[in-house]
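Below is one structure; the comments refer to it alone.
The values are calculated or read from the model by the stated rules, or taken from the named source; none is laboratory data. None of the values given here were measured: they were computed from a predicted structure. Please note: Cβ atoms are built from the backbone with ideal geometry, for glycine as well, and neighbour counts cover all protein chains shown.
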Number of protein chains: 2
Amino acid sequence: MSFREERAAERKLNIIRTAARLFSEKGYHEATVEDIAKELKYTKGSIYYYIQSKQDLLFECHDLAMNMLMASIDKIKESGLAPDLMLKEVIKGHVEIMVGELNLINVSLASDFLLQDEYAEIIVKKRDLYEESIKKIIVEGIKQGIFKPVPEKMVIFLIMGAINWISRWFSEKGPLSKEEIAQFYADYLLAPLMLKQ
Amino acid sequence: MSFREERAAERKLNIIRTAARLFSEKGYHEATVEDIAKELKYTKGSIYYYIQSKQDLLFECHDLAMNMLMASIDKIKESGLAPDLMLKEVIKGHVEIMVGELNLINVSLASDFLLQDEYAEIIVKKRDLYEESIKKIIVEGIKQGIFKPVPEKMVIFLIMGAINWISRWFSEKGPLSKEEIAQFYADYLLAPLMLKQ
DNA sequence: ATAAAATTTGACCCTTGGGTATAATTTTAA
DNA sequence: TTAAAATTATACCCAAGGGTCAAATTTTAT
């Protein structure tokens, strides 16, 4: 990548993060392209030099969010931990990414149905991969006699739902640190799955 | 209420339920007033004879959804059950309302930030009341030595999140009945709270 | 039957906002 | 230093959609 392209990419990332913040704060439709441009001292005209469309921006937010989650779980999969510890790490990782990248995750949770089909396809594929990884951990745990035999899919939905909801109430100014939340959620959500403790 | 007013109210309820379905399927901004009108064989002009504004419609969806949840929990509060059984009933009730009124709940979950301040105030107040009722049950359970001492607020958020997420994946055509889901969620989410079983 | 009230219609207004075109300006390279 | 490439600014286009209004139609009550 040339110096020029690199700088353009850097600027685009900047735009995406700003878009994520505004989408998250005001909602996709309520945040205008001009809002995003102004925030970064662009004009509406000039910001289009870097982006293709507003929808493109939304997609990039989703993609960035999913890539972070994927990177986290891929690393954990290689750790060789036992299924229960592995699942705990996944939960903690998910919580920490969520809280650390609140805007991005917020956008990707609050506006998935706004993605156009071609874009949605890509994102759904990644999300499915992510959930598939979790499923494998649970199935392995059941096989090893560490977890109770449960309907994996429902458990995944239950856990994901609990965690994803954090983006609705978490505030930087609140009394809870992301580590505390991560620990609590991991313990609470793993307990009913364990065969014996 | 006169015969006339009664019929108008009935029609408005019809409009609200249709709006809920379209808002839920397509999203608030993507569903136009004309879409809603057409669905019921009105024209855009004539539907405005029954509604004040699109925002008004959104509010009514929220209000209806919250009223159902409130009615459910109020009934349970009067049952005199022990805290653990009471909480279980609340969870089951919430799940069943959610699944039974998917559209309404979906709207109220996916678009709370679209409500204008005056409307939002009313809804937030009801939601706070609802959560306050749950909190009381948990606190009582801790006091009676049935529940572990936990940070109630976080537990409420965790439980609510898990349940509310159901609206994202549940389908009438799926293999799971609402009773099965309700039972599973109630068991899973209550277990980590119990001191002994 | 008929006047009054209720309901419906369809044309219209008007703002918002995504996106574009073109020209101006700045940066880069030779 | 100057021509080309990259970047930015301004003005503009246009469709969508919420909402209104006056007139037409239907329903109801006497």
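For A:GLU89, the conditions (1) in contact with an Asp or Glu (Cβ under 7 Å, 6 or more places away or on another chain); (2) surrounded by 15 or more Cβ atoms within 10 Å (Cβ to Cβ) are fulfilled apart from (1). The set of residues in the range A:1-58 being more than 10 Å from DNA strand D (Cβ to nearest atom) and aromatic (Phe, Trp, Tyr) consists of A:PHE23, A:TYR28. Looking at the structure I just gave you, is A:THR32 over 22 Å from A:LYS178 (Cβ atoms), more than 13 Å from DNA strand C (Cβ to nearest atom) and of a type in the set (S, T, N, Q)? So A:THR32 fails the test.
Conditions tested, residue by residue: (1) over 22 Å from A:ILE122 (Cβ atoms); (2) in the same structural domain as A:SER111 (by TED's automatic domain parsing); (3) in contact with a Phe, Trp or Tyr (Cβ under 8 Å, 6 or more places away or on another chain).
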position: A:ARG11; (1), (2), (3): yes, no, yes
position: A:ALA20; (1), (2), (3): no, no, no
position: A:GLU34; (1), (2), (3): yes, no, no
position: A:SER46; (1), (2), (3): yes, no, no
position: A:MET70; (1), (2), (3): no, yes, yes
position: A:ILE73; (1), (2), (3): no, yes, yes
position: A:LEU85; (1), (2), (3): yes, yes, no
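Note on the range B:23-53: residues that are within 13 Å of chain A (Cβ to nearest Cβ) and crowded, with 16+ Cβ neighbours inside 10 Å total 5.
The rows are residues; the columns are (1) modelled with pLDDT of 95 or more; (2) acidic (Asp, Glu); (3) under 23 Å from A:GLN183 (Cβ atoms); (4) not assigned by TED's automatic domain parsing to the domain that holds B:LEU58.
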{"site": "B:GLY93", "(1), (2), (3), (4)": "yes, no, no, no"}
{"site": "B:LEU109", "(1), (2), (3), (4)": "yes, no, no, no"}
{"site": "B:GLN116", "(1), (2), (3), (4)": "yes, no, no, no"}
{"site": "B:SER133", "(1), (2), (3), (4)": "yes, no, no, no"}
{"site": "B:GLY141", "(1), (2), (3), (4)": "yes, no, yes, no"}
{"site": "B:ILE156", "(1), (2), (3), (4)": "yes, no, yes, no"}
{"site": "B:GLU172", "(1), (2), (3), (4)": "no, yes, no, no"}
{"site": "B:ILE181", "(1), (2), (3), (4)": "yes, no, no, no"}
{"site": "B:ALA186", "(1), (2), (3), (4)": "yes, no, no, no"}
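Where helices (runs of 4 or more DSSP H) fall entirely within the range A:85-193, those with at least 2 residues that are among the β-branched types (Val, Ile, Thr) and farther than 19 Å from A:PHE23 by Cβ are at A:117-143, A:152-164.
Could we say that A:SER72 is hydroxyl-bearing (Ser, Thr, Tyr) and either more than 16 Å from DNA strand C (Cβ to nearest atom) or in contact (Cβ under 8 Å) with a residue 24 or more places away in the chain (or both) here?
Here the answer is yes, as A:SER72 does meet what is asked.
For B:TYR28, the conditions (1) outside any helix (DSSP H, G or I); (2) more than 19 Å from the chain's Cα centre (by Cα) all hold with the exception of (2).
Taking the conditions exactly as written (surrounded by fewer than 18 Cβ atoms within 10 Å (Cβ to Cβ), within 7 Å of chain B (Cβ to nearest Cβ) and either closer than 16 Å to A:LYS88 by Cβ or touching a residue at least 12 places away in the same chain (Cβ under 8 Å) (or both)), does A:ALA162 satisfy them or not?
In short, no.
This table checks each residue for (1) on the phi < 0 side of the Ramachandran plot; (2) surrounded by 20 or more Cβ atoms within 10 Å (Cβ to Cβ); (3) within 13 Å of another protein chain (Cβ to nearest Cβ).
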position	(1), (2), (3)
B:GLY93	yes, no, no
B:VAL107	yes, yes, yes
B:TYR119	yes, no, no
B:ILE123	yes, no, no
B:GLU131	yes, no, yes
B:VAL155	yes, yes, yes
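Taken over the range A:173-182, the criterion of being within 11 Å of chain B (Cβ to nearest Cβ), closer than 15 Å to A:ILE163 by Cβ and not charged (D, E, K, R) is satisfied by A:LEU176, A:ILE181.
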